[in-house]
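What follows is a short report on a single structure.
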Amino acid sequence: MGNRGIEGAEDFLLGGVAEKVSRHIECSVLIAKKKPKMSKILVAVDGSEYMKNVLTHVVPLATKRNAEVTLLNVVQTSVPWIKPEMARAVGEHILSKAAAMVEGIEPDKRVEFGHPAQAILEVAKGEGCDLIAMGSRGLGQVKKFLLGSVSDRVRRHAHCSVLIVK
């Protein structure tokens, strides 16, 4: 589906159609923000159950489009008691596991530190990605209101199309 890009107070009060559909639909949704060239795909992986589902969607798309794929794991810096070396090792393990799931593709792998949504958006823009693919954890309404959702933030602020896999 397309995305008009409602922002600010109007988005908060009314919500956009893309936001409502992506929150409530039980299947994956592609939110197209511009003509889908899809030569560079960023796949956010976190080791969750959604990782395999996301990769299952991305591999045929990347193969058909001969697209470059970057797997990204973001380590939250809000956990101060975990040493950076240990956090990086866990991130690299998750990336290795994800890379093993993508047959026929040689993905780039990156571990970044910071807030997940912000890091995903920065990497996607910096690398000129045409598509961000990620899972949706399906937070409950109260948690989503209080904490927000990484997929909601990425969908809302991304410069490129976003595939949210459920």
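Table for the structure above
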{"item": "Looking only at segment 62-76, and only at residues there that are in a loop (DSSP other than H, G, I, E, B) and modelled with pLDDT of 90 or more, the one that is nearest to V123 (Cα to Cα)", "result": "A67"}
{"item": "Unmet criterion (only one of (1) surrounded by 17 or more Cβ atoms within 10 Å (Cβ to Cβ); (2) assigned to a helix (DSSP H, G or I); (3) modelled with pLDDT under 90) for F12", "result": "(1)"}
{"item": "Single residue of V142, V59, V150, V79 found to be modelled with pLDDT of 90 or more and on the phi < 0 side of the Ramachandran plot", "result": "V59"}
{"item": "Residues satisfying the stated conditions in segment 57-113, i.e. surrounded by 15 or more Cβ atoms within 10 Å (Cβ to Cβ), within 19 Å of the chain's Cα centre (by Cα) and among the small types (G, A, S)", "result": "A62, A67, G91, A98, A99"}
{"item": "Residue match in segment 34-41 (condition: within 15 Å of the chain's Cα centre (by Cα) and of a type in the set (S, T, N, Q))", "result": "no"}
{"item": "Conditions (1) modelled with pLDDT of 90 or more; (2) out of contact with any Phe, Trp or Tyr (no Cβ under 9 Å at 6 or more places or on another chain); (3) part of a strand (DSSP E or B): number failed by L30", "result": "(1)"}
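The values are calculated or read from the model by the stated rules, or taken from the named source; none is laboratory data. Because the structure is a prediction, the values reported are computed rather than measured. So basically every Cβ, Gly included, is an ideal-geometry build from the backbone, and we count neighbours across all protein chains shown.
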